[in-house]
Amino acid sequence: MQFFVSQILSGISLGGQYALIAIGYTMVYGILRLINFAHGDVFMCAGVMMVFMSASMPIYASIPLMLVLTVLLGFVIERAAYKPLRTAPRMSVMISAIGVSYLLQNLALYATGGQPQTYPTLPFISNSVTILGAPTHWVTVITPVLVVLLVLALQWLINHTKIGMAMRAVAKDFETSQLMGIKINRVISVTFIIGSFLAAVGSLLYFTNYPTVVPLSGAMPGLKAFVAAVFGGIGSIPGAVIGAFIIGIVETLIKGTSYTVFSDAFTFALLIIILVVKPTGLFGERATDKV
Amino acid sequence: MREPILKISDLKVNYGGIEAVKGISFDVPEGEIVTLIGSNGAGKSSTLRTIAGLVKPVSGSVALQGEDITGKDPDAIVARGVTLVPEGRRIFPDMTVLENLKIGAYLRKDDLTDDLDWVFSLFPRLKERSWQAGGTLSGGEQQMLAVGRALMSRPRLLMMDEPSLGLAPLVVRDIFSIIQEINKQGVTILLIEQNANMALKIADIGYVLETGRLILSGTGAELLVNEDIKKAYLGA
Ligand SMILES: Nc1ncnc2c1ncn2[C@@H]1O[C@H](COP(=O)(O)OP(=O)(O)O)[C@@H](O)[C@H]1O
Ligand SMILES: [Mg+2]
């Protein structure tokens, strides 16, 4: 029982961390119909930056600075690698995204010298706590709460603010949005800023559970989050969040059995099944090709 | 004659190698209804889309009350009081009627109450359906919503791309009488139509566009009785 509780708790927590990454995938897809392959690497860069900054300044300064720099990174990537291709075929933008992904991995390789970097111990959230008799860390408890709060705030932003209205409009129809006076480039930047911010928050929660960060640390969680977004119906924020929780929980439960080697395979089997059985995912809209 | 609100000079628009608009010049006098008629592919939409800033012209100029606005971005054009109701209405289907209207006022920061009242007085149907998703409206109601949404930007010049497209004749008549009403309330109208008959009936001035060139102009009444126009566009 205690083992089960602890598995479920870490599953929920892992799912929440995937959710914070998955939102960035799904929002960018919603607005640009682009799978931003670099998103997982932005997440990794947030981890690497945290390592370096915490070495030279107090944690309370490095956390906000890391958040700001990650947001800036996401913004710059969009402006430099995607915006110039706004009218190019979608495939060109995808290829550009793959290029950015490798670029970030290589920059991280250069910065770390290929050595795994020890992730700092974060105050409080790394502390131990016992929940229903199961020993765990505060991060496990905090993650789902924080995810729910962030998702609620995001939904409020999208449904009840002017910029949110513009985001919904641009996601539907570029040209008509422009005719309303909306500056679409600004809206797209905001989308990348939100996505990068959430990934940066996710990186704090995720890397706390692992001893080190390496240049490929973003690849697996990025891929899992991407599958979560597809599973939930890419373009849908609630879909991505629910998909991420399901994947996080199932993966962790499998890890607790003797089939632990299959825990990653599960995610990808799920991707294939979804693509075959219901390509639009749980909450996805009909595949509309935006004009 | 008053200074025209909009002056188009030698406007050329290309898509890749295709010349869609081959150097046209025309004026839109303030307070009038001007129509641009022509068959499918004549370059009508390209002209309006260029004025609205969605398409950049190869050469020529667009002047709004003496100010050169050629090649400006759409938001800058809307901010100057020139709004386009696009072809096919293009309302936001998942947003409510009210949200569709509010997004039409995206650039405005002042109070919208009076404008919403104005739009609802022009289109009482929209008021009844203000909480309904735009996509659930009928074609005619969607056209009304598209016009109402454009009015929310408080345009001085309202451009409309084939508002009658795909609508039943009775609905078309409603829309055209509302266009006249909007014009009476001081908004200059630039209307493009394949439905030349209806458009010329309400227009002060008409221009005929054929494969990217203006071939004829006159008052709406003159063009309605013109033999060539009758043959080519009025199905007589
Ligand atoms: N986006 C586009 N790309 C390429 N050609 C276009 C595009 N839009 C219009 N055209 C071409 O430009 C010409 C004029 O089109 P358009 O302005 O839409 O005419 P109209 O509105 O009078 O029917 C047509 O030959 C059309 O095929
Ligand atoms: Mg047209």
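The values are calculated or read from the model by the stated rules, or taken from the named source; none is laboratory data. Computed from a predicted structure; not experimentally measured. When we count neighbours, we look across all protein chains shown, and the Cβ atoms used for this are built from the backbone with ideal geometry, even at glycine. With ligands, DNA and RNA removed, areas are computed over all heavy atoms of the protein, side chains included. Shrake-Rupley method; radii C 1.70, N 1.55, O 1.52, S 1.80 Å.
So if I check each of B:Val58, B:Val78, B:Val82, which one is within 16 Å of ligand 1 (Cβ to nearest atom) and of a type in the set (Val, Ile, Thr)?
B:Val58
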For segment B:85-114, what are the residues that are outside any loop (DSSP other than H, G, I, E, B) and open to solvent by less than 10 Å² (accessible area, probe 1.4 Å)? B:Val85, B:Val97, B:Asn100, B:Leu101, B:Ile103, B:Gly104
Can you find even one residue in segment B:213-221 that is open to solvent by 60 Å² or more (accessible area, probe 1.4 Å), in contact (Cβ under 8 Å) with a residue 60 or more places away in the chain and part of a helix (DSSP H, G or I)? no
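Taking segment A:175-193, which residues are at the interface with another protein chain (Cβ under 7 Å from one of its Cβ atoms) and either open to solvent by 20 Å² or more (accessible area, probe 1.4 Å) or assigned to a helix (DSSP H, G or I) (or both)? Write out each step before concluding.
So the first thing to find is which residues in segment A:175-193 are at the interface with another protein chain (Cβ under 7 Å from one of its Cβ atoms), and the list is A:175-176, A:178-183.
A:Glu175, A:Thr176, A:Gln178, A:Leu179, A:Lys183, listed by residue number.
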In segment A:148-163, anything more than 10 Å from chain B (Cβ to nearest Cβ) and either touching a strand residue (DSSP E or B) at 6+ places or on another chain (Cβ under 7 Å) or over 18 Å from A:Val71 (Cα atoms) (or both) is listed as A:Val148, A:Leu149, A:Leu152, A:Gln155, A:Trp156, A:Ile158, A:His160, A:Thr161
Residue in segment B:139-167 that is surrounded by the fewest Cβ atoms within 10 Å (Cβ to Cβ), counting only those that are away from chain A (no Cβ under 14 Å) and within 16 Å of ligand 1 (Cβ to nearest atom): B:Gly166
Set A:Ile249, A:Ile242, A:Ile272, A:Ile254: member being more than 30 Å from A:Leu107 (Cβ to Cβ), assigned to a helix (DSSP H, G or I) and out of contact with any helix residue (DSSP H, G or I) (no Cβ under 6 Å at 6 or more places or on another chain): A:Ile272
Could you grab me the full set of residues in segment B:78-102 that are at positive phi and in contact with a Gly (Cβ under 7 Å, 6 or more places away or on another chain)? none
Got a sec? Which helices (runs of 4 or more DSSP H) wholly within segment A:1-85 have at least 3 residues that are in contact with a Leu (Cβ under 6 Å, 6 or more places away or on another chain), open to solvent by less than 10 Å² (accessible area, probe 1.4 Å) and modelled with pLDDT of 95 or more? A:2-32
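I'm checking my understanding of the structure. Among residues of segment B:91-105 that are within 16 Å of B:Leu158 (Cα to Cα) and within 9 Å of chain A (Cβ to nearest Cβ), which one is nearest to the chain's Cα centre (by Cα)?
Residues of segment B:91-105 within 16 Å of B:Leu158 (Cα to Cα): B:101, B:104-105.
Those left that are additionally within 9 Å of chain A (Cβ to nearest Cβ): B:104-105.
Numbers: B:Gly104: 15, B:Ala105: 17 Å.
So, considering only residues that are within 16 Å of B:Leu158 (Cα to Cα) and within 9 Å of chain A (Cβ to nearest Cβ), the one nearest to the chain's Cα centre (by Cα) is B:Gly104.
Within segment A:167-174, is there a residue that is more than 12 Å from chain B (Cβ to nearest Cβ), assigned to a helix (DSSP H, G or I), open to solvent by less than 10 Å² (accessible area, probe 1.4 Å) and modelled with pLDDT of 95 or more? Give the steps one after another, and end with the answer.
Residues of segment A:167-174 that are more than 12 Å from chain B (Cβ to nearest Cβ), as a first pass: none.
No, there is no match, as no residue in segment A:167-174 is more than 12 Å from chain B (Cβ to nearest Cβ), assigned to a helix (DSSP H, G or I), open to solvent by less than 10 Å² (accessible area, probe 1.4 Å) and modelled with pLDDT of 95 or more.
Select, from B:Lys12, B:Lys22, the only residue that is in contact with a Pro (Cβ under 7 Å, 6 or more places away or on another chain) and open to solvent by 10 Å² or more (accessible area, probe 1.4 Å).
Working: B:Lys22 fails: in contact with a Pro (Cβ under 7 Å, 6 or more places away or on another chain).
That would be B:Lys12, the only listed residue that is in contact with a Pro (Cβ under 7 Å, 6 or more places away or on another chain) and open to solvent by 10 Å² or more (accessible area, probe 1.4 Å).
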